[in-house]
Amino acid sequence: MVSGCGAWGVQTGAHGTEIMAPMSLLPHQLELLAPARDADIGIEAIHHGADAVYIGGPAFGARASAGNDLRSLERLITQAHRFHSRIFITLNTILRDDELEAARRMAWQVYEAGADALIIQDMGLLELDLPPIQLHASTQTDIRTPEKARFLQDCGLSQIVLARELTVQQIAAVRAATDPARCTIEFFIHGALCVAYSGQCNISHAQTGRSANRGDCSQACRLPYEVKDSQGRIVAHDKHVLSMKDNNQSDNLRALIDAGVRSFKIEGRYKDMGYVKNITAHYRQLLDEIIEEREISGHPVARASSGRTRFTFTPDPLQNFNREFTDYFVTGRKEDIGAFDTPKNPGQAIGWVTQVGANFVELEVSDPATVLHNGDGLCYYDLHKELVGMAINRAEPVSARSVGQWRVFPKDPMDGFKDLRKGTEVNRNRDMDWVRTLDKKSSDRRIGLWLELAETPQGLALTATDEDGCVGQAQAVQAHQGAADAAQAEASLREQLRRLGATVFALHGLSLHLRQPWFVPASVLNALRREALAALEDARAQGFVRLPRAQPVEPPVAYPEDTLSFLGNVFNHKAHDFYARHGVTVIDAAYEAHEEEGEVSLMITKHCVRFSLSLCPKQAKGVTGVQGTIKAEPLQLINGKEKLTLRFDCKPCEMHVVGKIKRSVLNQVPDAPLTFYRQRPQPGV
């Protein structure tokens, strides 16, 4: 067998050997980046078209219960690399001094397992002996400005995910300040939205001691609050005013590409298999459409990995858990970005109640084609706008003649369904038919392949060349025996060779270079095909080389500011050394160090409660009788005993959620006490 990848450039590998590999993620390549809670979900993300997958390693990922052992990661990496897709490992919590060595060891372990990049937040890691693996900036690094983006690029980070709050124009400004050949711009295109600038929220730690920066957020933003103004008047009652709708950039992909985004990230490392399959397939189809149309227009872009994906279902983001959708700030500030009524999945309206019985509910569906199933999830809003769920134990048509009329028997007792009455609108937020569809095999990803059969003096040679230029060849010793029926012999040759079965290849072309169609036993052709494809797989494996680690600029570039407050999330001395080396002169310890005991900004957000409640002074400008009467005075949020103050910085259009750390949290004994000195203490002091 002979194999090789002729389309790659030359890189120097370990021990000075020359190996064939793509030199970089090219500026015209588009990367669909999918989440995975575990290896099985990651493999399905690859099968559904992901160019890359991000997943937690054994520890230190910013999702406390989403870790994966090395053996599972190796299995995922092997499958991903078959398609030249990449695997990124999240190492994106802030670390204590006593955790740095374990994090360094883990970095080496996942590198040796074959991972392609580490996603990091803690800059202390850059002061350690890390493996030669690409480093990507986590969303927790809070990249909102061109200056911050360029700094991280110059520190050796090859891919940076920008803050979700940026507009298309702001993204373009970041791209203009950075080098596409050195740094890829990544952006979240789907999934749950954290209301705070990522990395700038300490509410969870202040109230519970659970740090969002260490992967253990208590999600205070999803709670209901009473909102009071400065005079104590109730502005809103039991509203989830910090809860955002879910992100959906389906309509903005072209604008994001034009602004410079090249990695399109789906949120959801806690999400289930069905979510990852569906949403990955959805964006795979959208990006493939753009790739095809730009090929025609003469402004080509390309997939960042190999193959084409076919689906056995029609992707639909509405079928998964969502809080309704928003494109957030990408196309400008909007009033309807909040999921204020409920942080739950409201589903899609399907009909209304026609009768409530002792143990059943009758419904009329708005679309007669709608079918209800045992196990479906229904819901409705009660009179207080609270979402009430109703799991169906059994669903059946009211009668054979009543099209669109259904009788459903809930799993729970009827007396628990508050305000359920005739005329109540009903939504469906779980469709068991959809769930079963995605429980089965739902995609087929294949790499384009061309086969060429030629005769040799000793017999036959089969050459397999894939879409990336990788080549595998196999030869068979076989007498050149003439066929009684030349046409039938040629048809038999083609039929046997095109049987690619369960391989990862799809035949795009088959050519025969023979003096005449020889008679060749099927067993010989099958063996020849298997050996050639095995050689091609080997060529692809050998030809795939991880993208190189970027080198930081020397001498070290200056950080955009000379002071870091606790919002810099510096939680170990190596991180302190990193920022000092980059010109920062005053460095406060992270909030988790418990040095901030008074009221501080526990959250900074682009979302403005005043704006969403139509209480913004800018909205009142020019309104007769209102202009000048509305001021950006503080508001108060109350949930039980928890009280937070909202303060408004109108010039940058930002809101600060202000509070103080609980005494019970302060009294917790820290695992590794941390003290930074702004200047070295004098001896004896």
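Points to keep in mind about this one:
- From the options E289, E295, residue that is within 25 Å of L449 (Cβ to Cβ) and more than 24 Å from the chain's Cα centre (by Cα): E295
- Close pairs (6 angstrom Cβ cut-off, 6 or more residues apart or separate chains): small (G, A, S) in region 101-122, modelled with pLDDT of 95 or more and open to solvent by 10 Å² or more (accessible area, probe 1.4 Å) anywhere: A107/L130; A113/L70; A113/E74; A117/Q134
- Comparison of R222, R182 shows that the only residue that is touching a residue at least 12 places away in the same chain (Cβ under 8 Å), basic (K, R) and under 25 Å from A632 (Cα atoms) is R222.
- Once region 639-648 is narrowed to residues that are open to solvent by 50 Å² or more (accessible area, probe 1.4 Å) and in a strand (DSSP E or B), the residue that is nearest to C221 (Cα to Cα) is K643.
- In region 199-210, the qualifying residues are those that are open to solvent by 10 Å² or more (accessible area, probe 1.4 Å) and in contact (Cβ under 8 Å) with a residue 24 or more places away in the chain, and the one that is nearest to D122 (Cα to Cα) is Q200.
- If the condition is being in contact with a Phe, Trp or Tyr (Cβ under 9 Å, 6 or more places away or on another chain) and open to solvent by 10 Å² or more (accessible area, probe 1.4 Å), then region 36-46 contributes only R37.
- From the list S306, S297, the one residue that fits, being open to solvent by less than 20 Å² (accessible area, probe 1.4 Å), of a type in the set (S, T, Y) and more than 26 Å from G423 (Cα to Cα), is S306.
- Residue ID - nearest to M244 (Cα to Cα), chosen from residues in region 151-175 that are without any contact (Cβ under 8 Å) to a residue 60 or more places away in the chain and open to solvent by 30 Å² or more (accessible area, probe 1.4 Å): Q170
- Single match in A487, A474 (criterion: open to solvent by less than 50 Å² (accessible area, probe 1.4 Å) and more than 30 Å from L363 (Cα to Cα)): A474
- Q551 vs. criteria in contact (Cβ under 8 Å) with a residue 24 or more places away in the chain, open to solvent by 30 Å² or more (accessible area, probe 1.4 Å) and assigned to a loop (DSSP other than H, G, I, E, B): yes
- The set of residues in region 558-572 that are open to solvent by 30 Å² or more (accessible area, probe 1.4 Å) and either of a type in the set (A, V, I, L, M, F, W, C) or at pLDDT below 95 (or both) comprises A558, L567.
- Among residues of region 23-42, those that are at pLDDT 95 or above and closer than 18 Å to D468 by Cβ, counted: 4
- Picking from residues in region 613-638 that are modelled with pLDDT under 95 and open to solvent by less than 40 Å² (accessible area, probe 1.4 Å), the one that is farthest from R164 (Cα to Cα) is A620.
- Entirely in region 329-383, the strands (runs of 3 or more DSSP E) that have 3 or more residues that are open to solvent by less than 70 Å² (accessible area, probe 1.4 Å), touching a Ser or Thr at 6+ places or on another chain (Cβ under 7 Å) and more than 30 Å from Q169 (Cβ to Cβ): 348-356, 361-365
- Residues being open to solvent by 20 Å² or more (accessible area, probe 1.4 Å) and in a helix (DSSP H, G or I) - total across region 309-321: 2
- Verdict on S523 being surrounded by fewer than 16 Cβ atoms within 10 Å (Cβ to Cβ) and modelled with pLDDT under 95: no
- Residue match in region 494-506 (condition: at pLDDT below 95, surrounded by fewer than 19 Cβ atoms within 10 Å (Cβ to Cβ) and not aliphatic (A, V, I, L, M)): yes
- Within this structure, A464 fails the test of being modelled with pLDDT of 95 or more and open to solvent by 60 Å² or more (accessible area, probe 1.4 Å).
- Flag if A45 is modelled with pLDDT of 65 or more, part of a helix (DSSP H, G or I), closer than 30 Å to A259 by Cβ and among the aliphatic types (A, V, I, L, M): yes
- Lone unmet requirement of (1) in contact with a helix residue (DSSP H, G or I) (Cβ under 7 Å, 6 or more places away or on another chain); (2) open to solvent by less than 20 Å² (accessible area, probe 1.4 Å) for D588: (2)
- Breaking point among (1) crowded, with 20+ Cβ neighbours inside 10 Å; (2) not in a loop (DSSP other than H, G, I, E, B), for V235: (1)
- Some residue of region 444-453 being small (G, A, S) and either surrounded by fewer than 16 Cβ atoms within 10 Å (Cβ to Cβ) or assigned to a loop (DSSP other than H, G, I, E, B) (or both): no
- Every residue from region 422-443 that is open to solvent by 50 Å² or more (accessible area, probe 1.4 Å) and closer than 30 Å to L500 by Cβ: R436, D439, K440, K441
A quick yes/no check of all residues on (1) in contact (Cβ under 8 Å) with a residue 40 or more places away in the chain; (2) assigned to a helix (DSSP H, G or I); (3) more than 17 Å from T314 (Cα to Cα):
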site: D251; (1), (2), (3): yes, yes, yes
site: S263; (1), (2), (3): yes, no, yes
site: Y270; (1), (2), (3): yes, no, yes
site: E292; (1), (2), (3): no, yes, yes
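The values are calculated or read from the model by the stated rules, or taken from the named source; none is laboratory data. Worth saying up front: this structure is predicted, and the values here are computed from it rather than measured. In this analysis, Cβ positions are derived from the backbone assuming ideal geometry, glycine residues included, and neighbour counts consider all displayed protein chains. Please note that ligands, DNA and RNA were not included when accessible areas were found on the heavy atoms of the full protein model with its side chains. Shrake-Rupley method; radii C 1.70, N 1.55, O 1.52, S 1.80 Å.
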